[in-house]
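Reading through the structure tokens given below for one structure.
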Amino acid sequence: MPNQPLTLRLALLLTLPPLLWAGNAVVGRLAVGAVPPVALNLARWLLAFALLWPLGKAAFRDLATIRARWRYLSLLGLLGMGSYNALQYLALHSSTPLNATLITASSPVWMLAIGALVYRIAPRRQDVVGALLSLLGVALVICRGEPERLLALRFVSGDLLMLLAIISWGFYSWLLARPPASMQGEQRPDWDWAGFLLVQIAFGLLWSGAATGVETLVADARWHWTPWVPVILLYVAVGPSLIAYRCWGLGVSTVGPAIAAFFVNLTPVFAALLSAAMLGEWPQWFHGAAFALIVVGILISSRR
């Protein structure tokens, strides 16, 4: 259940990450063939760590505090930085953006399932109704208003990787919303948002570095530098990483992961609009209809 009511400010905060993640999917697809997927994830977080260091370095003044909570912080780093993004970039090598969008749209379902099975939080009726409405809106975008297109979908190995990425993100979100006792109340370290995120990234870099090492050994992982590669790295480090994670962490800790998950369904809508803009096409009626269904789903699920 949400901790606090959904306000306009929180809604805007939770809308920004899907917009930035939609751009991340497009950029990740553009990086195929230029940057190895797991190495792209490592480079992304290395650059993000360097950019955030001046704001959050105070968190590393007391290493004993970090060591005492290393299990929780390491898990956040693995699920939120080490696994989710690497799996997504790997998926984009074989999965189509259409299939990846469809799988991402299942996020509210997995959020509700994790909450029920792990945290014993039974989904409310309005949560289920909101999830169905949001999925219907996403389906409209995927089929472009023609339901028969859904029958032509084909799934590949990358789709399984994308599914694992979404489940990883679900656990990460619940860990943010339901931290252990050592991260609550008076026991919580005196970290601001930058320090907390920086510590997560530090642990995520350990996982990402190990995974990149494996990728280098078992795959033909080579960089092919083009003028676009620095632009891609800068975008994925600032937008989908620092800005999106800050907004998501604040939103999910306030309204809860079950409601926040519905905003993820805005990602395919934004992705469709970005793709349309790149192709010089104007939005169609189903984009507006899908947006309306997703918003209605969010409003229904956020009711107390």
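The values are calculated or read from the model by the stated rules, or taken from the named source; none is laboratory data. Predicted model only: the values in this text are computed from it and were never measured. Cβ placement follows ideal geometry from the backbone for every residue including glycine, while neighbour counts extend to all protein chains displayed.
Observations on the structure shown:
- Residue check, Ala260 modelled with pLDDT of 75 or more, over 19 Å from the mean Cα position of the chain (by Cα) and part of a helix (DSSP H, G or I): no
- Leu47 meets the conditions (1) closer than 22 Å to Ile166 by Cα; (2) at pLDDT 90 or above in every case but one. The failed one is (1).
- Residues that are over 23 Å from Val264 (Cα atoms) and in a loop (DSSP other than H, G, I, E, B) within the stretch 1-45 comprise Val32, Gly33, Ala34, Val35, Pro36, listed in sequence order.
- Qualifying residue in the stretch 228-235 (condition: farther than 21 Å from Ser94 by Cα, modelled with pLDDT under 90 and either touching an Asp or Glu at 6+ places or on another chain (Cβ under 9 Å) or not polar (S, T, N, Q) (or both)): yes
- Some residue of the stretch 243-256 being hydrophobic (A, V, I, L, M, F, W, C), over 30 Å from Leu112 (Cα atoms) and over 15 Å from the mean Cα position of the chain (by Cα): no
- Elements of type helices (runs of 4 or more DSSP H) in the stretch 46-135, at least 3 residues being of a type outside the set (Lys, Arg) and within 23 Å of Val214 (Cβ to Cβ): 70-76, 84-91
- In this structure, Ser182 does satisfy being outside any loop (DSSP other than H, G, I, E, B), out of contact with any Gly (no Cβ under 7 Å at 6 or more places or on another chain) and not aliphatic (A, V, I, L, M).
- Residues located in the stretch 67-95, provided they are of a type in the set (A, V, I, L, M, F, W, C) and either over 21 Å from Leu242 (Cα atoms) or in contact with a helix residue (DSSP H, G or I) (Cβ under 6 Å, 6 or more places away or on another chain) (or both): Ala68, Trp70, Leu73, Leu76, Leu78, Leu79, Met81, Ala86, Leu87, Leu90, Ala91, Leu92
- Qualifying residue in the stretch 73-82 (condition: at pLDDT below 95, under 17 Å from the mean Cα position of the chain (by Cα) and more than 18 Å from Ala194 (Cα to Cα)): yes
- For the stretch 38-66, filtering for residues that are in contact with a Ser or Thr (Cβ under 8 Å, 6 or more places away or on another chain) and among the basic types (Lys, Arg) leaves 1.
- Of the residues Ala59, Ala39, Ala34, Ala25, the single one that is surrounded by fewer than 18 Cβ atoms within 10 Å (Cβ to Cβ) and of a type outside the set (Val, Ile, Thr) is Ala34.
- Check on Arg154, surrounded by fewer than 18 Cβ atoms within 10 Å (Cβ to Cβ) and either in a helix (DSSP H, G or I) or at pLDDT 70 or above (or both): no
- Residues of the stretch 114-141 that are surrounded by fewer than 24 Cβ atoms within 10 Å (Cβ to Cβ) and either free of Cβ contacts under 8 Å to residues at least 60 places away in the same chain or of a type in the set (Gly, Ala, Ser) (or both): Ala116, Leu117, Val118, Tyr119, Arg120, Ala122, Arg125, Val128, Ala139.
- Check on Tyr172, more than 20 Å from Ser83 (Cβ to Cβ), in contact (Cβ under 8 Å) with a residue 60 or more places away in the chain and among the aromatic types (Phe, Trp, Tyr): no
- Residue check, Trp193 aromatic (Phe, Trp, Tyr), modelled with pLDDT of 90 or more and over 20 Å from His93 (Cβ atoms): yes
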